[in-house]
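**Student:** This structure is in structure tokens; I'll ask about it shortly.
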Amino acid sequence: LQVLNEKKLQEVDSLWKEFETPEKANKIVKLKHFEKFQDTTEALAASTALVEGKLSKNLKKILKKIVAKDAHEQLAVADAKLGGVIKEKLNLSCIHSPMVTELMRGIRSQIEGLITGLPSREMAAMCLGLAHSLSRYKLKFSPDKVDTMIIQAISLLDDLDKELNNYIMRCREWYGWHFPELGKIVTDNLAYCKCVRKVGDRSNFASSDVSDILPEEIEEDVKAAAEISMGTEVSEEDINNIIHLCDQVIEISEYRTQLYDYLKNRMMAIAPNLTVMVGELVGARLIAHAGSLLNLAKHPASTVQLLGAEKALFRALKTKRDTPKFGLIYHASLVGQSNPKNKGKISRMLAAKTALTIRYDALGENTSAEMGAENRLKVETRLRLLEERGIRRISGTGKALAKTDKYQNKSEVKVFDPSGDSTLPVVSKKRKIQEVDEQDAEVAVKAKKFKAEMKEGTALEDGEPVKKKKKKKDKEKQAEEEAVLSEELPTSPVTEVR
């Protein structure tokens, strides 16, 4: 189709008005060249090439004719990728824009009026047939690789487990009114239902043989308990209903076993490496959670690790707490074998190796499980190293190295240092006391000298000789000398001279 009025194309928002009727559409575009497909196979090949952004042979021939005639014209294409291929191979300028998209929509709406000689009934039949062929082509790959069966099987398996639990609980509670001791002696659910179905009333246990269901020791305990049971008597109709419920439980259990075998075989066919790494149940749940094996292959290892724990992850991010370390992968046997301390490390390494095996299964052509076995061996080796490291620390000669000192809580209480407030030099207390005593002595001496000088000054002013204070020793010497002199002088009568 050739555009006649390019000015009208500039108004993108109102372009749909120009294609309301076939007459208006013929004023905008004109048929340049039209070529029919020979059959549906050719049409399907051309459609598939267009969907994949490739250039088909018929389209290449037609475009070469147009290039020879109108090389200066621009070619409007609805797919930018296809336009790039045409420009590269045929050196033809292509245009792709919102205006082109709107133009293509208008042409499709009035295709019957623009192309003459095509009845509407044939056109509709052709479109329907081509759509069916294209859909069939897209789904045409190996039926062994259909992962939809796995998704349905694992969902049904989970539903069966829930129903079985409900039925078994109801059966134990119902028959427990008649024979409560049986529930404590026989712990296996399937064996319990088989016993109830075979015996019925508890009075029949003494004459019944349940050795094919229970071991001899448990069988003897059951018969002994049946004779002294504290349960109530029930009618035959009640027993029949309980037996019918037991039949349902046994049938569902058998079907579950069959479904599990089917799932195991299907998983080994579709994702053998993933099955070897994490097991068929965990692998099937990962595929079901992602939607398909191809979608799962697009996820990075960190996403594979947390698949199934999205709620906990976003809650942790919202509350700013620690994020979860594992999701569905937690149920893998390798994670279950590890210590609680190493579960995070093992789940991270297992998720990394699992992501590789998923991509190998989804995109690789080889169907062997060698890669999965190699990666599992690496994870097991790493797990063994982590476990042995912990054992080595507390065993043998390593015990002394691993021994740690007793923990003592050393709380550092910081006290304010007042020395930073003063700019004076810091002196010790002893030194301070000595200096103060010396200063006091010096002050006292100075005060005495000052008083003595003051007294001398006042005596000189009055004209009196200054009497110096005699020391105590001088006084003692003087007293001794006076005593000696008094003894030496003779005693004579005193004559009075007139």
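The values are calculated or read from the model by the stated rules, or taken from the named source; none is laboratory data. Predicted, not measured: the structure shown is a model, and the values here were computed from it. Cβ placement follows ideal geometry from the backbone for every residue including glycine, while neighbour counts extend to all protein chains displayed. SASA here: full protein model, heavy atoms, side chains in, ligands and nucleic acids out. Shrake-Rupley method; radii C 1.70, N 1.55, O 1.52, S 1.80 Å.
**Student:** Per residue, how much space in cubic angstrom lies within the convex hull of the C-alpha atoms of the range 145-259?
**Tutor:** 99 Å³
**Student:** Could you do me a favour and compute the accessible area per residue for the range 2-139, 1.4 Å probe, result in Å²?
**Tutor:** Per residue, the range 2-139 has 70 Å² of solvent-accessible surface.
**Student:** Here are some pairs, K17/K87; K36/K57; K24/K61; which of them have Cα atoms lying more than 25 Å apart in this structure?
**Tutor:** With Cα atoms farther than 25 Å apart: K17/K87; K24/K61.
**Student:** Kirkwood-based Rg over Rh for the range 282-321 (C-alpha set), two decimals?
**Tutor:** Taking Rg over the Kirkwood Rh, I get 1.06.
**Student:** Hey, another quick one. Taking θ = phi - 60°, what integer Hz values does the Karplus form 6.51 cos²θ - 1.76 cosθ + 1.60 yield along the range 287-292, in sequence order, with x for Gly and Pro?
**Tutor:** Per residue, the Karplus-derived 3J(HN,Hα) values read 5, 5, 5, 7, x, 6 Hz.
**Student:** Another question, then. Give me, ordered by chain and number, the residues 5 or more places off C94 or on other chains with an amide H under 5 Å from its own placed amide H.
**Tutor:** Close amide H contacts, sequence-distant or interchain: L75.
**Student:** What net charge do the residues around A316 carry, taking every other residue with its C-beta under 15 Å from that of A316, with Lys and Arg at +1 and Asp and Glu at -1?
**Tutor:** +4
**Student:** In terms of modelled amide H atoms, which long-range or inter-chain residues lie less than 5 Å from the amide H of V29?
**Tutor:** Answer set, sorted by chain and number: L4.
**Student:** 7 Å from Cα along Cα→Cβ at both V445 and E227: what's the point-to-point distance in nm?
**Tutor:** My value for the distance between the label points is 12.1 nm.
**Student:** Still on this structure, I have one more. To the nearest 0.05, how large is the calculated FRET efficiency for K30 and K57 if R₀ is 22 Å and r is the Cβ-Cβ distance?
**Tutor:** The formula returns an efficiency of 0.25 here.
**Student:** For a Förster distance of 35 Å, can you work out the FRET efficiency between the beta-carbons of L259 and R348, rounded to the nearest 0.05?
**Tutor:** It comes to 0.60.
**Student:** Tell me the trypsin sites (Lys or Arg not before Pro) within the range 108-215 that lie in a loop according to DSSP and have at most 13 other beta-carbon atoms within 10 Å.
**Tutor:** For trypsin sites (Lys or Arg not before Pro) across the range 108-215 that sit outside H, G, I, E and B with at most 13 neighbouring Cβ atoms in 10 Å, the list reads K140.
**Student:** Once all Cα-Cα distances of the range 344-391 are split into 5 Å bins that start at 0, what whole-number percent is in each one?
**Tutor:** All Cα pairs considered, the percentages come to 5, 21, 26, 19, 14, 8, 5, 2, 0.
**Student:** Going through the range 224-322, which trypsin sites (Lys or Arg not before Pro) have at most 14 other Cβ atoms within 10 Å and a DSSP loop state?
**Tutor:** K320, R321
**Student:** Here's another thing I want to ask about it. For the range 2-139, report the % of Cα-Cα distances exceeding 23 Å.
**Tutor:** Distances greater than 23 Å cover 41 percent of the Cα pairs.
**Student:** Tell me the label-point distance for the pair A206, T101, using the 7 Å Cα-to-Cβ offset, in nm and rounded to one decimal.
**Tutor:** Result for the modelled spin labels: 8.7 nm.
**Student:** What percentages make up the Cα-Cα pair-distance distribution of the range 271-388 when the bins are 10 Å wide from 0?
**Tutor:** Here the calculated profile for the range 271-388 is 15, 47, 30, 8, 0.
**Student:** What accessible surface, in Å², does a 1.4 Å probe find on Y360, ignoring ligands, DNA and RNA and rounding to the nearest 10?
**Tutor:** We get 70 Å² for Y360.
**Student:** Sticking with this structure for a sec: Count the net charge of all other residues whose Cβ sits under 10 Å from the Cβ of Y175, scoring Lys and Arg as +1 and Asp and Glu as -1.
**Tutor:** +1
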